[in-house]
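Computed from the coordinates by the stated procedures, all read-outs in this text should not be read as laboratory data. Since the model is a prediction, treat every value here as computed from it, not as a measurement. Neighbour counts are summed over all protein chains in view; Cβ atoms, including those assigned to glycine, are modelled from backbone coordinates with ideal geometry.
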Amino acid sequence: MARYTLHYLLKTLLTAAIVVCSFTVVAQHTLSGQVKDSKGVALEFLNVYIKSLSRGTTTSESGQFNLTDIPAGEYELMISGVGYGTHLMQVAVPGNPVNVTMESGDFQLDEVTVEAKSETSLMREEPIQSVVIDTKVYASQPSTMIELMNRSAGVRVKQTGGLGSSASLSLNGFQGKAIKYFKDGIPMDYLGAGYNFSLVPVNMLERMEIYKGVLPVNLGADALGGGLNMVSRKSYKRYAEVSYEIASFNTHRLSLNTFYQNTEKHYFAGVDMYFNHSDNNYEVTAPVVNQDLGTIQDQKVDLFHNDFTQYFTEVYGGLTNLTWADELRISVSGFWINRDNQYGSRMNQPFGASTSRQYSVIPTLRYQKRLLDDRLTIDQFLVANTITVEQVDTLRGTYTWLQEFIPSDSRKGEITTQGSAAQTKFSIFTSRTNLSYELSDKHKVEVNAVYTSSKRVGRDSLGLTLIGSGRDLLSVPAYYSKLVVSAGLETKLLNDRLTNNLIIKYFQSNVEGVDGDFFGNETMQSAMNNRWGLAEAVKYNLSEHSFLRLSAEAATRLPEQDEIFGDGNLHVSNLALKPERSVNVNAGYRASTSKYSLELNSFYRITHDLILNVPYNFLFNRNENVDNVKGLGVEVDVTAHLQQWLSVNGNMTYQDFRVFDTDNTALEGAKLRNTPFFFANLGLNCNFNKVFGSKDRIQPYWFYTFVRQYYLDYIPKDKEPDGFLGLWGDAKFDAPNIIPNQNLHTAGLTYYPMGDALTVGLQVKNIFDAQVFDNFKIQNAGRSYHLKLTYILN
């Protein structure tokens, strides 16, 4: 394995080196400086702006500023602030740091309009299509990441219940592990269930980047359909923030964030902590068995064994702005999760005592440095940790949905008759190396390599034993390793109107172990996969406010470790999984001004050996290959600022994905199971200043989501509704296989009584208490009430 990995890594790096040497390129640089008054006192919060590039920033507490990624050349730099007027000066890039002295006095300033684009806005305009959610806008609302993503075009989250339940993304028809997850650009496998978009508080992130189709080089991964990058909150000054949310179903969410950096900005330290708990005891409609008559009838009941509790803490610190490091960051994270298991892959059978736990301590190291006059950037990340998963199922009997306990001496557990007392350990190592070489604003070459290895070993005194040796099945180690290398070239032509990204990827994986469902001779199974991928993304600026973009990719995704090995809980293993392959094409148009934004996108996919998470039986689920799937779709997203106090946004997505070449006449051309094909959102946001005082403001809002009925399993094409594109009418078969139309309304307001220091967020979710279904027709919570308090100390 090591020999093959080294061979292909060297081969790919050599190819990238040849590409670097084959192009003549120029660098982007950093313009830095410091602003003081005539007495030498540093000035903070002054505006620093290069108008010709629409790039701006503000000075820090020490009066310093940094403008990154500036092309070489001469520019007019504008520095302004209340009480100091406006200072204009010519600067050369590259060049020495700029030292500016501002004279104070009584100035009657003309109005100065600064139109610098935020990092979020710039991300939306990249050639590679992405949905960028600026989480700072929603930080004071009692909203979850799941809700924010479900309000976005082309995005749906599949969740198997309430807070803490399993959740996965569906992007333009792709779902499950075809979507990759990152934290600050690093694949998140090492974090297990401890850190994911369904649990992290909104106010702990700077933004969420959702990529549809092609991933940028720096997010090197074998994603088939896109990825989610959660960018941690950034701060350039000291602060402390605490937020607390209380909600229905005995839900409590607490977060604490602190950050400190010395005046010279040579070292920093911080703590991010959050706590989640919910009883998740909401009402559902479940199949209740009449023990006397032996009949089954749907009945409304409360979930009764569905508690979820989680703790997460990250302590970090590091050094910055040194000769040998731009930043060296060391962190230690820890999480602990306790979950009651109320049901399996479907809501057919309740559990009343089964529990699962997961915990880990995670040390990480990250080093970043610019060299060769900022032409070469190095970014290295390392982590090694062990995630422990425990599953306890030792009840001698079963429960009904009416919370009645039925004892049974013949059972050792309620999920399975043999029960379980399993402890599984996943030892994980991840190395991510990113090298970026810039010589101009016209060309940029980048290489990214991610290597991950994991070992699974455990024990289960009640679990399966191997015939012959009699050994505990879990005690036999299983191994998984994966290498993903990406090399990309970004080129700008036609006076920067045309931007082209060419990306080449190489994937290699190796798996070795005994199948978790194996109940025969003790025989190790192994598989090794090697694949190449190619992607191209092009953007053309039609004007200052509009552009076209087109991307295409021949993609491969290797099965993940938990897809192959299972999760030590209700997700069982499948060592026979094959890599999935897909050809993806995306085309789009975007126009935006200060008053509105409009985005139109279309996509086409043809996929082979699609990996889909499906019910294995009424208790368990596992991943299986679907031979051939193809489809297309379109999405529209509009935002309009109607008044200074009122904005409206809406979007809709239609996607038609079907199986083909199935060798099954009845199911040929059937829609992809358990996948929504039409959904839409509408939202209103208001802002009222000085309502009760001179410093307060109120921001009311309302959101509506509609999901068209879709199907739990494959259905014959002639059983679909007759309405146009299936958008109205009823399916021509019995209801149990239908996930019905869903209409969800949410409303709330955020009150700022004294500026941004203290906020009060109120929200009512699912106002009309509609039935909401999700993955495998599992019912989510009805109406709920939420209160969130946030306090910030700068």
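Summary value for the chain: 10 percent relative contact order, contacts being C-alpha pairs under 8 angstrom separated by 6+ residues. Note on ILE246, ILE564: ascending count of other Cβ atoms within 10 Å places them as ILE246, ILE564, the fewest first. Short-range pairs are left out: with C-alpha atoms under 8 Å and at least six residues apart, the relative contact order of the stretch 120-232 is 33 percent. In order along the stretch 138-150, phi translates into HN-Hα couplings of 10, 4, 8, 8, x, 9, 9, 4, 4, 5, 4, 6, 5 Hz, rounded to whole numbers, per the Karplus curve 6.51 cos²θ - 1.76 cosθ + 1.60 with θ = phi - 60° and x for Gly and Pro. Taking amide hydrogens as placed 1.01 Å from N in the peptide plane, the amide H of GLY419 sits under 5 Å from those of LYS412, GLY413, each at least 5 positions away in sequence or on another chain. Cross-link partners among lysines for LYS717, C-alpha distance below 18 Å, same-chain residues fewer than 8 apart left out? Partners within reach: LYS630, LYS671, LYS732. Taken along the Cα-to-beta-carbon direction at a fixed 7 Å, the label points for LEU642 and CYS686 span 1.1 nm. DSSP beta bridges confined to the chain are antiparallel in about 95 percent of cases. Taking packing as the residue-averaged number of other Cβ atoms within 10 angstrom, the listed peptides 65-74, 399-408 run from highest to lowest as 65-74, 399-408.
Close amide H partners of GLN64, meaning residues 5 or more places away or on another chain with modelled amide H under 5 Å apart, are VAL35.
With θ taken as phi - 60° and the Karplus curve 6.51 cos²θ - 1.76 cosθ + 1.60 applied, the whole-hertz 3J(HN,Hα) list for the stretch 417-425 is 5, 7, x, 7, 9, 8, 10, 10, 10 Hz, x standing for glycine and proline. Classified by the C-alpha gyration tensor, the stretch 120-232 has a rounded form. Its axis ratio a/c, with a ≥ b ≥ c, is below 1.5. For a paramagnetic label modelled at 7 Å from the Cα of GLU536 toward its Cβ, which residues of the stretch 487-516 fall within the zone defined by backbone nitrogen distances under 20 Å? Taking a point 7 Å out along Cα→Cβ of GLU536, the residues of the stretch 487-516 whose backbone N falls under 20 Å are 487-506. Beyond 25 Å in Cα-Cα separation lie the following of the pairs LYS369/LYS425; LYS412/LYS455; LYS36/LYS695; LYS158/LYS578: LYS369/LYS425; LYS412/LYS455; LYS36/LYS695.
Sorting the segments 328-335, 197-204 by their residues' average number of neighbouring beta-carbon atoms within 10 angstrom, most packed first, yields 197-204, 328-335. For the cross-link pairs LYS444/LYS482; LYS234/LYS505; LYS177/LYS505, the ones whose C-alpha atoms lie over 25 Å apart are LYS444/LYS482; LYS234/LYS505. Counting Lys and Arg as +1 and Asp and Glu as -1 over every other residue whose Cβ lies under 9 Å from the Cβ of LEU256, the net charge comes to -2. Taking other C-beta atoms within 10 Å as the exposure proxy, LEU224, LEU493, LEU31 rank LEU493, LEU31, LEU224 from fewest upward.
In a DSSP loop and with at most 15 other Cβ atoms within 10 Å, the chymotrypsin sites (Phe, Trp or Tyr not before Pro) in the stretch 624-681 are TRP645, PHE660. Projecting label points 7 angstrom from Cα along Cα→Cβ for GLU283 and LYS36 puts them 6.9 nm apart. Rounded to two decimals, the Cα-based Rg/Rh of the stretch 27-105, with Kirkwood Rh, is 0.95. The HN-Hα couplings worked out from phi for the stretch 282-289 by the Karplus form 6.51 cos²θ - 1.76 cosθ + 1.60 (θ = phi - 60°) are 7, 7, 9, 9, 10, x, 8, 8 Hz, whole numbers, x standing for Gly and Pro. Going from the residue with the fewest nearby Cβ atoms within 10 Å to the one with the most, GLU599, GLU553, GLU580 rank GLU599, GLU553, GLU580.
Amide H to amide H distances under 5 Å link LEU46 with THR59, where only residues 5 or more positions off or on other chains count and H is placed in the peptide plane. Across the stretch 349-451, C-alpha contacts under 8 Å between residues 6 or more apart give a mean separation that, scaled by the residue count, equals a relative contact order of 28 percent.
If you plug the beta carbon distance of SER461 and THR323 into 1/(1 + (r/R0)^6) with R0 = 56 Å, you get a FRET efficiency near 0.50.
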